[in-house]
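Heads up: the structure comes next, in structure tokens.
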Amino acid sequence: MIEKLVRIYAKYDVAKIAPHLLIYGDLSGACGHCQATDIKLDTKDCPQCGNAFRYVAFRNVKSHIPKIYKLIKERPEVIIVDFDDFKRETGAAKAQEFFKS
Ligand SMILES: [Zn+2]
């Protein structure tokens, strides 16, 4: 059996993902809650605000495929979120807030 990465679509409230999201760039990550930077991928809690990272989004997912396999193996409880989905939905949520006020 050869297991490969398959994207699964699920319904989530992005407002609930953001505080527990590690946004991983080219070399390090940033906290989705307090925007702390230089966070390593294997960090479980934000060193600045203490929030647990339950979700990880890769800014450039194609260049981090081996890291994703490693992450799934080492921390199967972490949910990998598509960064573009997250960005689009947080943008949409912000726009909605704007029109409410
Ligand atoms: Zn933080």
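Values quoted throughout were computed directly from the atomic coordinates according to the rules given, and no laboratory measurement underlies them. Keep in mind that what you see is a predicted model, and the values were worked out from it rather than measured. All Cβ positions, even for glycine, are placed from backbone atoms using ideal geometry, and neighbour counts span all protein chains on display.
In vacuum, with every alpha carbon of region 1-49 counted as one equal point scatterer, what does the Debye formula give for log10 I(q)/I(0) at q = 0.20, 0.24, 0.27 Å⁻¹? Two decimals, please.
One equal scatterer on each Cα of region 1-49 leads to -0.76, -0.89, -0.97.
Given labels modelled 7 Å from the Cα in the Cβ direction, how far is it in nm from residue 16 to residue 28?
A separation of 3.2 nm, rounded to one decimal place.
What 222 nm value per residue comes from the helices of the chain, counting each DSSP H run with n ≥ 4 as -39,500 (n - 2.57) and dividing by all residues, nearest 500 deg cm²/dmol?
-9500 deg cm²/dmol
On a full-extension model of 0.36 nm per residue, what is the gain between residue 40 and residue 1, subtracting their alpha-carbon distance, rounded to one decimal in nm?
Gain on extension, residue 40 to residue 1, equals 10.9 nm.
Need the full-extension length gain, residue 59 to residue 77, defined as separation in residues times 0.36 nm minus the C-alpha distance. One decimal, nm.
Net length gain for the segment: 4.5 nm.
Based on the Cβ-Cβ distance from residue 68 to residue 95, what FRET efficiency comes out when R0 is 22 Å, to the nearest 0.05?
Working: r = 30 Å, r/R0 = 1.36.
According to the calculation, E is roughly 0.15.
Please enumerate, by chain and number, the lysines with C-alpha under 16 Å from the C-alpha of residue 70, excluding those fewer than 8 residues away in the same chain.
Cα-Cα hits under 16 Å: 4, 40, 44, 62.
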